[in-house]
Amino acid sequence: MKKCLNIIIGSVMAMTIFSGCGISNKEQKEKTRIAAAEVRRLDSLAFKMAVTPTLDCLPLFVAKDYRLFDTLGVQVHLKEMNAQMDIDEALRKGQVEGGVTDVMRAQRLMSKGVHLSYITATNAYWQLFSNKKARIKELRQLGDKKIAMTRYSATDYLANVAVDSVKPDNPVFRIQINDVIVRLKMLLNNEMDAVLLPEPQATTARIEKHPMHMDSRSKDLRLGALVVTDRVNRDERRRQQLDAFKKAYDLACDSINQRGLKHYARIIKKYCQTDDRTVAALPTLTYSHITPPREKDISKTQNVKWRTH
């Protein structure tokens, strides 16, 4: 969206220069200010969704680039963020109507007074990788090692699950790396002993031969979620936007399931900051229509004891 703003403002400035021979610098600045104000007005009216460069967001990417939202009469602006903490902040400040997250993080936000509603579960899953140079063959060897995750999130919870399942003799050091792209790069650059990654970052790790030790799906955990703020439910226009959003989301899921991920290689590379090799190696993924998270997954958040180290 920021890129779009810059293009619009730049276009207005260019038109001013070419069409306004003799226009003063003051007048040019005023035209630019008016253009920027109009962009902000349009953005305020749009249904804004915070997304990360991960495949659980693919239905939103497809619906946006294939104009499914526009066809159904809702202007959706995707706010691209690399870290869940940035999405938290946007939700907390009311800068977006909703965002893609996980139930651990959503429940924590609710406990802090942020009023959210679940719209749907997503197909997000996370895999735990060790650095191939660390020569970790089993989880109990994580003792005295560093594992990258995000505090109070699905990755934090899954790190606990992994460590508690083997109880290493020495502590495992949880390192907060919020940016999922940075987390992957730290693994690839041999700067971290272990990391938790979603798709498509997990596929990149597998291609580079980093050992995978745990998959959240094997624990029967479905922690991905899409939420909206309660302000949406209190405003008739926002409710109508949400209804159209849901229809477009379901259409996008149908299209992905029918055509497969590789059909959307361009979109995946664009939004997920990845490459052809990763897209070619992606596993088959299925996307479900709007379906709320399971109560059994939400209940996992009730008695979580978050580690401080």
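A few points about this structure:
- Any hit, segment 119-130, residues being open to solvent by 30 Å² or more (accessible area, probe 1.4 Å) and without any contact (Cβ under 8 Å) to a residue 24 or more places away in the chain: no
- For ARG135, the conditions (1) at pLDDT below 95; (2) crowded, with 22+ Cβ neighbours inside 10 Å all hold with the exception of (2).
- Residue list for segment 87-108, restricted to those being assigned to a helix (DSSP H, G or I) and either touching a residue at least 40 places away in the same chain (Cβ under 8 Å) or of a type in the set (Val, Ile, Thr) (or both): ILE87, ALA90, LEU91, VAL103, MET104, ARG105, ALA106, GLN107, ARG108
- Within segment 150-161, if we keep just the residues that are part of a loop (DSSP other than H, G, I, E, B) and either out of contact with any Asp or Glu (no Cβ under 8 Å at 6 or more places or on another chain) or open to solvent by 20 Å² or more (accessible area, probe 1.4 Å) (or both), the residue that is farthest from VAL227 (Cα to Cα) turns out to be ARG151.
- Check on LYS185, open to solvent by 20 Å² or more (accessible area, probe 1.4 Å), free of Cβ contacts under 8 Å to residues at least 60 places away in the same chain, within 28 Å of ALA106 (Cβ to Cβ) and in contact with a strand residue (DSSP E or B) (Cβ under 6 Å, 6 or more places away or on another chain): no
- Of the helices (runs of 4 or more DSSP H) lying entirely inside segment 208-276, those containing at least 3 residues that are within 18 Å of the chain's Cα centre (by Cα), within 30 Å of LYS133 (Cα to Cα) and modelled with pLDDT of 95 or more are 265-272.
- Checking each residue in segment 277-293 for being open to solvent by 70 Å² or more (accessible area, probe 1.4 Å) and part of a helix (DSSP H, G or I) picks out only ARG277.
- Breaking point among (1) open to solvent by 50 Å² or more (accessible area, probe 1.4 Å); (2) β-branched (Val, Ile, Thr); (3) in contact with a strand residue (DSSP E or B) (Cβ under 6 Å, 6 or more places away or on another chain), for ILE147: (1)
- Per the conditions (1) touching a strand residue (DSSP E or B) at 6+ places or on another chain (Cβ under 6 Å); (2) without any contact (Cβ under 8 Å) to a residue 40 or more places away in the chain; (3) open to solvent by 20 Å² or more (accessible area, probe 1.4 Å), the sole criterion not satisfied by HIS213 is (2).
- You will find that of LYS132, LYS185, LYS79, the residue that is under 25 Å from GLN273 (Cα atoms) and touching a His at 6+ places or on another chain (Cβ under 6 Å) is LYS132 and no other.
The values are calculated or read from the model by the stated rules, or taken from the named source; none is laboratory data. Note that this is a predicted model, so its numbers are computed, not measured. So basically every Cβ, Gly included, is an ideal-geometry build from the backbone, and we count neighbours across all protein chains shown. SASA here: full protein model, heavy atoms, side chains in, ligands and nucleic acids out. Shrake-Rupley method; radii C 1.70, N 1.55, O 1.52, S 1.80 Å.
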